[in-house]
Amino acid sequence: MRGLVCLVLGALTVAVSGQFDTHQWADRSGIVHLFEWKWNDIAQECENYLAPHGFAGVQVSPPTENAIVLSPFRPWWERYQPISYHLNTRSGSEAEFASMVRRCNNVGVRIYVDLVINHMAAISTNGGTGGSTANAGGMSFPAVPYSVTDFNPVCSIYDYNNPNEVRNCQLVGLPDLNQGVQWVRDRIVDLMNKMVGYGVAGYRVDAVKHMWPGDLQAIYSRMNNLPTDHGFPPNARPFITQEVIDLGSEAITKYEYTHLGTVTEFRFSAEIGRAFRGHNQLRWLVNWGPEWGFLQSHLALVFVDNHDNQRGHGAGGDEVLTHKVPKNYKMASAFMLAHPFGIVRIMSSFTFNDGDQGPPQDAAGNLLSPTFNADGSCGGGWACEHRWRQITNMVGFRNAVSGTGLNDWWDNGGNQIAFCRGGRGFVAFNLEGYDLNQSLQTCLSAGTYCNVISGSKSGNSCTGTTVTVGGDGRANIFIAANAEDGVLAIHANAKL
């Protein structure tokens, strides 16, 4: 019997071990969260922008049919109120979803699905985006189907230091699924395997700390391998990242889920925002990583902001940086992309004035596509941070320095810092009220380099400023205190 137990545990270990692999192409990096984009628009973005600029993947909004919420008018959070597991939302149909995944995989951009399996919709009066009906109060969702026996008894979460309450009671009134019920597990596994069959590379699992780790292990272990006809190697397992908000003050910790997959590192978001808002000196970032209370690098999905905390939800409070503070946001994003720590995710937002406001939509509630300006930036109410030159070009920086460590750290004892990535890249930041004007070691070979923050390499010239590196690897680095961008970056692929 003991030997059988060991065999079972060994099989489970093999089943989940692959869930830490993002399956990104070797010359790519950076997952972009194209929040609330339509499937056809994402496919075009993969082909026309993301692949040519070296982005590795896209996190997409929940594709499962959700409740239609009319008050306030079609808010963003209706996507997190599932009515069925049909793949029919304002982003498009199931056929359009499958086409998007195929088209993005064809150009080397992986798709990661935001998966809502903790609960079902609390609002059902207007039906779902695919025409399904439900009775949330009666816990009846016939399009799955789920009935009252598939849910935990009704109770509310009042004490986040009570793990039983957090995992068995309703999050803001949402009917709480019991993942210990075999029927519930079967339906979730069917949903995940259907999307794996379409070629998705993995999942961002929503509200994970509200579910028991043992239940999730039972579900994850039954996922199918990724399909080889989408470019995945044989026996590849879907990537898993799990939303666990843990700033260190609650009973449930991120460490309870790291054996199952990677975890969203909210402490990273809070601390990087604090630093680049000027509330903590940049010099302290010298040991950025686990010494700050973060997970180990290979376990941490990291981000400057996400769709929740940029609206004041989730974690981080007023310290979280968003596109509304562009100079500091670009600096924080550049630091994240230049630093070797973590699996990076870039937020791509729509503009909003209040925390409930939904994405750009017409009078009937249909999603509007982003428009594109001559400089590549977005219009039509879309922020598209991933298309900001400074962020796009730092993805190129990250790709250029892949496989190197951090070395030759320099700081002024305050808010000016710089470091190298092996002999492949150099980056400097100035958050002081005075200019940075220093001769610094860049670790690069002699020559002239494009500052990729200010522009791009174009043939034998730069569209922005240049940096001249001497034979000793040193260069004069200048960042004015009042510069539009408080960061400068050069790398081997940007050498003239």
Item to complete: Would you rank ILE157, ILE479 by solvent-accessible area, highest first, keeping every protein chain in place and using a 1.4 Å probe?
Response: ILE157, ILE479
Discussion item. Output the 0 to 90 degree angle, nearest 10, between the alpha-carbon long axis of helix 389-400 and the longest principal axis computed from the alpha carbons of the chain.
Written reply: 90
Worksheet entry | Using alpha-carbon coordinates, inclination of helix 326-338 to the longest axis of the chain, degrees | 90
Fill in: Structure-derived Kirkwood radius over Cα pairs in Å - corresponding label in (1) 23.5; (2) 22.6; (3) 26.9
(1)
Worksheet entry | Contour minus Cα-Cα distance for LEU247 and ASN373 (0.36 nm per residue) | 41.5 nm
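For GLU165 and ASN135, what does the FRET efficiency come to when R0 = 35 Å and r is the distance between their Cβ atoms, rounded to the nearest 0.05?
Efficiency computed from Cβ-Cβ geometry: 0.90.
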Worksheet item: How far is helix 94-106 tilted off the main Cα axis of the chain, in degrees rounded to 10, range 0 to 90?
Response: 30
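Relative contact order for the chain using alpha-carbon pairs under 8 Å, separation at least 6, rounded to a whole percent?
Reported as a whole number, the value is 12 percent.
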Item to complete: May I ask you to give the percent of accessible area on the chain that is carbon plus sulfur, with a probe radius of 1.4 Å?
Response: 51
Discussion item. Could you compute how much accessible surface THR371 exposes when probed at 1.4 Å, giving the result in Å² to the nearest 10?
Written reply: 70
Worksheet item: What share of the DSSP beta bridges in the chain is antiparallel, in percent to the nearest 5?
Response: 60
Discussion item. Checking the table LYS194/LYS330; LYS327/LYS495; LYS194/LYS254; LYS254/LYS330; LYS209/LYS327 against a 31 Å threshold on Cα-Cα, which pairs fail?
Written reply: LYS194/LYS330; LYS209/LYS327
Fill in: Per-residue HN-Hα couplings for region 406-420 [Karplus 6.51, -1.76, 1.60; θ = phi - 60°; Hz; x = Gly/Pro]
9, 8, 6, 5, 9, 8, 9, x, x, 10, 10, 9, 7, 7, 9
Discussion item. Students sometimes get this wrong: rank ARG79, ARG267, ARG222 by accessible area, probe 1.4 Å, all chains present, largest first.
Written reply: ARG222, ARG267, ARG79
Discussion item. Quick check: Cα centre of region 201-241 to Cα centre of region 350-420, how many Å?
Written reply: 28
Discussion item. Could you put TYR203, TYR80 in order of accessible surface area, largest first, with the 1.4 Å probe and the full protein assembly present?
Written reply: TYR80, TYR203
Practice prompt. Could you check what % of the DSSP bridge pairs in region 23-130 are antiparallel, to the nearest 5?
Written response: 25
Practice prompt. Express in Å², to the nearest 10, the accessible area of CYS462 obtained by rolling a 1.4 Å probe over the protein heavy atoms while all chains stay in place.
Written response: 30
Practice prompt. May I ask for the distance between the Cα centers of region 151-171 and region 454-496, given as a whole number of Å?
Written response: 53
Discussion item. Charges at C-beta only: +1 for Lys and Arg, -1 for Asp and Glu. How large is the resulting dipole of the chain about its Cα centre, in Debye rounded to 20?
Written reply: 1000
Worksheet item: Along the charge dipole of region 191-279, Cβ charges K/R +1 and D/E -1, which of SER221, PRO233, SER269 sits furthest on the positive end?
Response: PRO233
Discussion item. Rolling a 1.4 angstrom probe over the protein chains, ignoring ligands and nucleic acids, what is the accessible area of SER439 in square angstrom, nearest 10?
Written reply: 60
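The values are calculated or read from the model by the stated rules, or taken from the named source; none is laboratory data. Worth saying up front: this structure is predicted, and the values here are computed from it rather than measured. No Cβ is skipped: glycine too gets one built from the backbone with ideal geometry, and neighbour counts run over all protein chains shown. What goes into the accessible areas is simple: the full protein's heavy atoms, side chains included, and nothing from ligands, DNA or RNA. Shrake-Rupley method; radii C 1.70, N 1.55, O 1.52, S 1.80 Å.
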